[in-house]
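The values are calculated or read from the model by the stated rules, or taken from the named source; none is laboratory data. Keep in mind it's a predicted model, so treat the numbers as computed, not measured. Using ideal geometry, Cβ is built from the backbone for each residue, glycine included, and neighbour counts are taken over all protein chains shown. Note: accessible area is taken over every heavy atom of the protein model, side chains too, but ligands, DNA and RNA are not part of it. Shrake-Rupley method; radii C 1.70, N 1.55, O 1.52, S 1.80 Å.
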Amino acid sequence: MRLRGLLWFNAVFSIMPVALWASAVVEGRVELPKSHTAPVQAKRYEIVTKGGVLSTQPPLAVVYLDGAFPKLASLPTKQVAQKDLTFVPALLPVPVGTKVEFPNLDETYHNIFSYSPAKRFDLGRYRPEERPIPTQVFDKLGLVTLRCDIHEHMRGLILVLNTPYFVMTDTDGHFRLSGLPAGRYTLKAWIDSRTTREKPVELKNDQTLHIDFP
Amino acid sequence: MKLRVLSLCAFACTACAFDIDDFFDRLDTALTISAFHDNLRARLSGTLDLEIYHFEQPAPGLIDSSIDTLFNPRLTLFLDAQVGSHIYFFSQSRLDRGFDPSDNGAQIRLDEYALRVTPWDDGRLTLQIGKFATVVGNWIPRHLSWENPFINAPLVYENLTSIRDKSAPFSLFDFVYGFYYYQKYAFNPVIWGPSYASGISVSGRLDRFDYAVEMKNASLSSRPESWNVTENGFEHPTFSGRLGFRPNEAWNLGFSASEGPYFRREAETTLPPGRDIGDYREFVLGQDAGFAWRHVQVWVEFYEARFEVPRVGNADTFAYYVEAKYKFTPQFFGAIRWNQQLFGDVSNPDSGSVRWSDDLARIDLAAGYRFTSHTQLKLQYSYQHETTGQGRDNHLVAAQLTTRF
Ligand SMILES: [Cu+2]
């Protein structure tokens, strides 16, 4: 919950300069896919293990306003942590050029890597207390799938967007995107790696538009 | 122009690699089920290995083939299941040309199955029952094709010594020079591969220390057939254990020990009168160390082993290896491993003192490339040299393409 609040805060904060002239709002609901299957950890040769099961993260969508917007001068650094053998958050939308930190909050090694065309990297193994925290700058548009070389089940996503106007839905699919500039745009809802829905929108100042993605 | 075509190809590959990864991720989701509010979760996964070996005769290690170029495909299926938060089950079945690379026809086996109970969340105690890899040493966690930087095992896990578990030697001469008279698989290494013997284990973690002890139906040197509980009961169990210490995440140190009779039942009639299988044991002491940081991983294992051999006495051997892996890029890694096995002398009044197998040194070089997070190609070259006796050499070239799902 706190994370979502932070996200909201970040989204709002990052578009402040533009928001002075921008006051349109879009809200609505995205039809989310059925809940993910619960992950299973393979610990066949890790005979000394703890009890417990992996948490299931509900699917969320990212709603964003597509268009040619001026690049932001400074972008806040974001974080994708590794906690309890999962990525937190499991999905992070960021504007292109964002630096993301990958803190390890577990007592065990992780080895985060990505082979996605939008960003190819391998952070190697680093201890939780090591500083500086390893980072990567996401400077190419697209979807980046985060994986761990040690824990096969670990999967995280970073969606690198060309826009400062985006928001994550809640678990019911509801979203509210405010401080938008007036004009004609395409509103997109990213649902999963294969599904992005879109609708043309015409935004007017001080007006709230209601859009649903069935 | 060439460059442009190349970069176009590279781009196409990248794009299709992304699609392949996406496909496998979807397959993974399709092969994972959960029920009873996620309290029962199960996942089917696996690997498909296509291996080619080229070597000189006699074939090195545990390879059993009279053809010098051996094609060895292998399909491995894993089932991992979680019931609640304290019960875990896994199995590994394989379709291949034999447990070790050989020129046999196809066979299907259930190589591992185990039920694990972890009563406390902190992991102080874990009980496991079934047929599963030994707790000894530090090679087991990386013995499968995806994790192993090499295509084969370290020397001590695959070098056949003069030890034979199916029949006792009738003289010291027969023991030391048996290689000339018996088939390859008449002999045993100190540890046969991952040793998937049947039995139970108790393990756990206490702060920076961890422990694991197991009672298995077969010794570390025993052959894959002996691991099945249907073939070999618990009349002559082997006890093994490992005590581990992790000063921090980068280091993992361990001491292992194992003890148990190594002859199979059919050897009983060949033993000296009045003796039985329980009188001839394999003793193993092991020390292991592992280090990992950033893109480097290093492993070392030392093994001292003693076999009590009828009509011969104690046959001692010492083996070790040092292995290092480095990831040069996110997708490309290299690995190097230096292995050595040295043998002691055995003696009797008639024959005098003689080394019971030839000392051996082997260097393994490997390079691997991960095309996607589900496909990997490894190439390996090994040079093996007998440092005593006739000083025979063997060169092995191998390639392995692994697809995991
Ligand atoms: Cu991990």
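Within the stretch B:192-203, can one find any residue that is within 16 Å of the chain's Cα centre (by Cα), open to solvent by 10 Å² or more (accessible area, probe 1.4 Å), modelled with pLDDT of 95 or more and away from chain A (no Cβ under 14 Å)? Looking through the stretch B:192-203, none of the residues is within 16 Å of the chain's Cα centre (by Cα), open to solvent by 10 Å² or more (accessible area, probe 1.4 Å), modelled with pLDDT of 95 or more and away from chain A (no Cβ under 14 Å).
Scanning the stretch B:46-66 for residues that are in contact with a Phe, Trp or Tyr (Cβ under 7 Å, 6 or more places away or on another chain) and open to solvent by 40 Å² or more (accessible area, probe 1.4 Å) returns B:Ile52, B:Asp64.
Identify, please: which residue in the stretch A:137-157 is within 16 Å of the ligand (Cβ to nearest atom) and in a strand (DSSP E or B) and is, among those, most open to solvent (accessible area, probe 1.4 Å)?
A:Arg155
Look through the stretch A:25-53, keep the residues that are within 11 Å of another protein chain (Cβ to nearest Cβ) and touching a strand residue (DSSP E or B) at 6+ places or on another chain (Cβ under 6 Å), and return whichever of them is surrounded by the fewest Cβ atoms within 10 Å (Cβ to Cβ). Filtering first and then ranking leaves A:Ala42. Tell me whether the stretch B:305-328 contains one or more residues that are within 14 Å of chain A (Cβ to nearest Cβ), more than 24 Å from the chain's Cα centre (by Cα) and open to solvent by 60 Å² or more (accessible area, probe 1.4 Å). Within the stretch B:305-328, one or more residues are within 14 Å of chain A (Cβ to nearest Cβ), more than 24 Å from the chain's Cα centre (by Cα) and open to solvent by 60 Å² or more (accessible area, probe 1.4 Å).
Only one entry in B:Gln390, B:Gln400, B:Gln340 is within 30 Å of B:Phe173 (Cβ to Cβ) and touching a residue at least 60 places away in the same chain (Cβ under 8 Å), namely B:Gln340.
Among the conditions (1) within 14 Å of another protein chain (Cβ to nearest Cβ); (2) in contact (Cβ under 8 Å) with a residue 24 or more places away in the chain; (3) of a type in the set (Phe, Trp, Tyr), the only one that A:Phe175 does not satisfy is (1). Evaluation of B:Arg43 against the conditions (1) touching an Asp or Glu at 6+ places or on another chain (Cβ under 6 Å); (2) open to solvent by less than 60 Å² (accessible area, probe 1.4 Å); (3) more than 14 Å from chain A (Cβ to nearest Cβ) shows that the sole unmet condition is (3).
When B:Asn104 is tested against (1) within 23 Å of the chain's Cα centre (by Cα); (2) within 10 Å of chain A (Cβ to nearest Cβ); (3) open to solvent by 40 Å² or more (accessible area, probe 1.4 Å), exactly one condition is not met: (2).
Would you be able to say whether some residue in the stretch A:183-199 is part of a strand (DSSP E or B), open to solvent by 50 Å² or more (accessible area, probe 1.4 Å) and within 16 Å of the ligand (Cβ to nearest atom)? Looking for residues that are part of a strand (DSSP E or B), open to solvent by 50 Å² or more (accessible area, probe 1.4 Å) and within 16 Å of the ligand (Cβ to nearest atom), one finds none in the stretch A:183-199, hence no. Residue-level check: of (1) surrounded by fewer than 20 Cβ atoms within 10 Å (Cβ to Cβ); (2) over 15 Å from A:Cys148 (Cα atoms); (3) more than 14 Å from chain B (Cβ to nearest Cβ), A:Ala118 misses just (3).
Scanning the stretch B:113-141 for residues that are under 20 Å from B:Phe302 (Cβ atoms) and facing chain A (nearest Cβ under 8 Å) turns up B:Ala133, B:Val135, B:Ile140, B:Pro141.
Having 3 or more residues that are in contact (Cβ under 8 Å) with a residue 12 or more places away in the chain and in the same structural domain as B:His385 (by TED's automatic domain parsing) is the bar; report the strands (runs of 3 or more DSSP E) wholly within the stretch B:20-127 that clear it.
Numbers: elements: B:32-35, B:40-54, B:69-83, B:87-96, B:107-117.
By residue number, B:40-54, B:69-83, B:87-96, B:107-117.
Would you call B:Trp299 part of a strand (DSSP E or B), at pLDDT 95 or above and open to solvent by less than 50 Å² (accessible area, probe 1.4 Å)? Taking the combined requirement at face value, the residue satisfies it.
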